[in-house]
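Engineer: Quick one: structure below, then a few questions.
Where a number appears in this text, it was derived from the coordinates with a stated rule and is not lab data. All figures in this text were calculated on a predicted structure; none of them were measured in a lab. Neighbour counts are summed over all protein chains in view; Cβ atoms, including those assigned to glycine, are modelled from backbone coordinates with ideal geometry.
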Amino acid sequence: MTHDNEAIYELYEQLAQKTAQMRAATESLGPDPVEDATGQVSVLVDDTSIDISIGSFWRASVRPEALSGVIMETVNNAFIARLTAWGESFTQDAAAVPSSPVPSPLPSAHEISELVAAADGDTFHRNVNRFVDTFSSQLSATLAALTERANQVHHGKDAHNHATVTLDSSGTLIGLELDVSWLHTADGGAVTATIRAAMADARQSVAAATPSAPFEGTPLSEYAEGMADPVELIRMLTRGG
């Protein structure tokens, strides 16, 4: 194994360890939600979702026209708590935690060597040149497509249009509008259910717009699988035709 390969796998191991530390840091927050000052708005954030709950006596503490702002502030505080935990995982005294085993580079390197040795030289060089030309010419368009995708926002409503939520492309809540006139008579359970229904509607939009592979739908989509797996990339480049 070359020095470069050793350096790459050492970096991979360091990244795996840091990822494990970050995961442990967020898990240390526990299942307890973050609450607003009144205790009537609570937000629970995990790796895949945001859950918002409104207490039974919320109107005694929060004005209806202020509720959406209080909810968004509490959501932000929940994310700040997670970011703080992540930041602590980067300190010198961050606790060491077991990470996933680093895969050995030897099987992949051996398979790549066999593929290259068995390939037709002209075909291999033609495919490599085509890959380089395509990658160079389509990179800007691909980055533009990925940027546009990342900047997309998705809206969702409940069945009665009492709540409208806005999620970014990762599913993070970035906006919330509530029907203030309805809030004057809505109890905490109804508000909670309404927000959850709107969130579910918006998540369907996010899921529909999220490709199964990062480069899917871009000019470099034909190389998406190869760019994620070096063995598959060599397999593509040594394929005839």
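Engineer: If you build the convex hull over the alpha carbons only and average its shadow over all orientations, what do you get for region 124-200? Give it in nm² to one decimal.
Structural biologist: Mean orientational projected area (region 124-200, Cα hull): 7.3 nm².
Engineer: Follow-up question, since we're still on this one. Arranged by the count of other C-beta atoms within 10 angstrom, fewest first, what order do Leu143, Leu178 take?
Structural biologist: On the way: Leu143 13, Leu178 22.
Ascending Cβ contact count within 10 Å gives the list Leu143, Leu178.
Engineer: List, in order, the whole-Hz ³J(HN,Hα) value for each residue of region 138-146 obtained from phi through the Karplus relation with A = 6.51, B = -1.76, C = 1.60 and θ = phi - 60°; use x for Gly and Pro.
Structural biologist: 9, 4, 4, 5, 5, 4, 5, 5, 5
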